[in-house]
Ligand code: UD1
Ligand code: MG
């Protein structure tokens, strides 16, 4: 579409029911501020200019809204006088002249580009106003779409509606497209003569019609236009988002045994034929390649998991964990800011931090990289085909050469050359029959303590 478009995002609404020190639209869904999800739908609709109407935290909200190269300008709506008034907070930008104006809400984060595109298409087809409606069996609280002779004639707010009008189940999502060339003229005609004494954006339907303009509605699925006013609704929206994304991933070839227990971040990427077992959590910036398996109770954030790798159960991958193909990070292991080579095994109870481990190495149970001295962080480098014995402490900075062998229980503080064996532990001493002596002495002590009859 060659038409120019300004998106106006209303985010100056009442946040009090969130009981939060933070603006409502900064609360996260799938680890991304709500406003970011709205902007993603706007970006996918092909819109690159956005006016953000805010009541507080203008700079923070604008920063969260600046995604994918969209130019975002914040506008303060100091007094909250209604949705019509809110749109006019962006008057300057509307006046700059766009073909289309698209109004969305910052607290309706599940919206996708499909209804937004349909609304813009309505304008391209000659409408002055395109309302995005939805059908619901719980219409209470929403504006109702009133139809006469097959035409949308008005939106009636709940408080202004008659009993008959309240029976209508076709509702206003609040999202709307407006002919950009006529927008200011139409918006300036809105009055606040209604039950709430607010400037209703919804009045544009009647205003445009009275001037001979065409007004139509397009529909969005009810789930896409769910709004967020409190943290119960925040959790409900999270649930809907997770369900939608899990379904997309499964349909793209990912197996989830119990999808309802897998939590994805907004940008989680998972390749075909990867299997996710129950109870796995993904934080932001994670890519899992194909044919991997993520066992239960793993927590993965900022990680790259190569094809065919195996994680968990109970593994933690922190930011910068980068696992090559067929690597294995097993139970109760943590990897942070480290590269694990192809086919390398980190199987049990290990911490690898600020390290590189070459291909084909084996890190024994309980081995730890000691990367922190309480002030600074240091690096550990382990070569290819090295063997790090169980319960080894690698005190960084330290390097272990290719093919080196570290004896179990060692504390390694010096670099180990390739193919060397390093032992850094006390020598074993043997005292024959000494155990018998100790045991008998203990038994005698206990007997002596017993009270006499
Ligand atoms: C609005 C619609 C209603 C629709 C419903 C959908 C109007 C008059 N009514 O009603 O038809 O069914 O949304 O949820 O438009 N906002 C501002 N500044 C304001 C007022 C609102 O920025 O002065 C923002 C809010 O942050 C919110 C959105 O606009 O994102 C809607 O405001 P809200 O007060 O929730 O409108 P409703 O009364 O629910
Ligand atoms: Mg509302």
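The values are calculated or read from the model by the stated rules, or taken from the named source; none is laboratory data. None of the values given here were measured: they were computed from a predicted structure. Note that we place each Cβ from the backbone using ideal geometry, even for glycine, and neighbour counts take in every protein chain shown.
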Out of the range 121-144, which residues are surrounded by 24 or more Cβ atoms within 10 Å (Cβ to Cβ) and more than 16 Å from ligand 2 (Cβ to nearest atom)?
-> 123, 128, 129, 130
Going through the range 137-159 in order, the residues found to be at positive phi and away from ligand 1 (no atom under 12 Å from the Cβ) are 149, 150
If residue 322 passes every condition in (1) touching a strand residue (DSSP E or B) at 6+ places or on another chain (Cβ under 8 Å); (2) in a loop (DSSP other than H, G, I, E, B) but one, which one does it miss?
-> (2)
Scanning the range 200-239 residue by residue, those touching a helix residue (DSSP H, G or I) at 6+ places or on another chain (Cβ under 8 Å), farther than 18 Å from residue 35 by Cα and within 15 Å of ligand 2 (Cβ to nearest atom) turn out to be 200, 201, 202
Residues satisfying the stated conditions in the range 406-437, i.e. in contact with a strand residue (DSSP E or B) (Cβ under 8 Å, 6 or more places away or on another chain), farther than 21 Å from residue 379 by Cβ and not in a loop (DSSP other than H, G, I, E, B) | 421
With the range 87-188 as the region, which helices (runs of 4 or more DSSP H) entirely inside it contain at least 1 residues that are under 28 Å from residue 1 (Cα atoms) and in the same structural domain as residue 73 (by TED's automatic domain parsing)?
-> 91-95, 113-124, 183-187
Could you tell me whether residue 31 is over 17 Å from residue 180 (Cβ atoms), surrounded by fewer than 20 Cβ atoms within 10 Å (Cβ to Cβ), in the same structural domain as residue 173 (by TED's automatic domain parsing) and modelled with pLDDT of 95 or more?
-> yes
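Residue check: is residue 284 over 22 Å from residue 361 (Cβ atoms), surrounded by fewer than 18 Cβ atoms within 10 Å (Cβ to Cβ) and touching a residue at least 24 places away in the same chain (Cβ under 8 Å)?
yes
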Scanning the range 21-50 for residues that are assigned to a loop (DSSP other than H, G, I, E, B), touching a residue at least 60 places away in the same chain (Cβ under 8 Å) and under 30 Å from residue 300 (Cα atoms), the one nearest to ligand 1 (Cβ to nearest atom) turns out to be 27
Hey, residue 195 hits all of (1) more than 11 Å from ligand 1 (Cβ to nearest atom); (2) without any contact (Cβ under 8 Å) to a residue 40 or more places away in the chain; (3) not assigned by TED's automatic domain parsing to the domain that holds residue 268 but one; which does it fall short on?
-> (1)
Qualifying residues in the range 82-95 (those that are in contact (Cβ under 8 Å) with a residue 60 or more places away in the chain and surrounded by fewer than 17 Cβ atoms within 10 Å (Cβ to Cβ)) - the one farthest from ligand 1 (Cβ to nearest atom) = 95
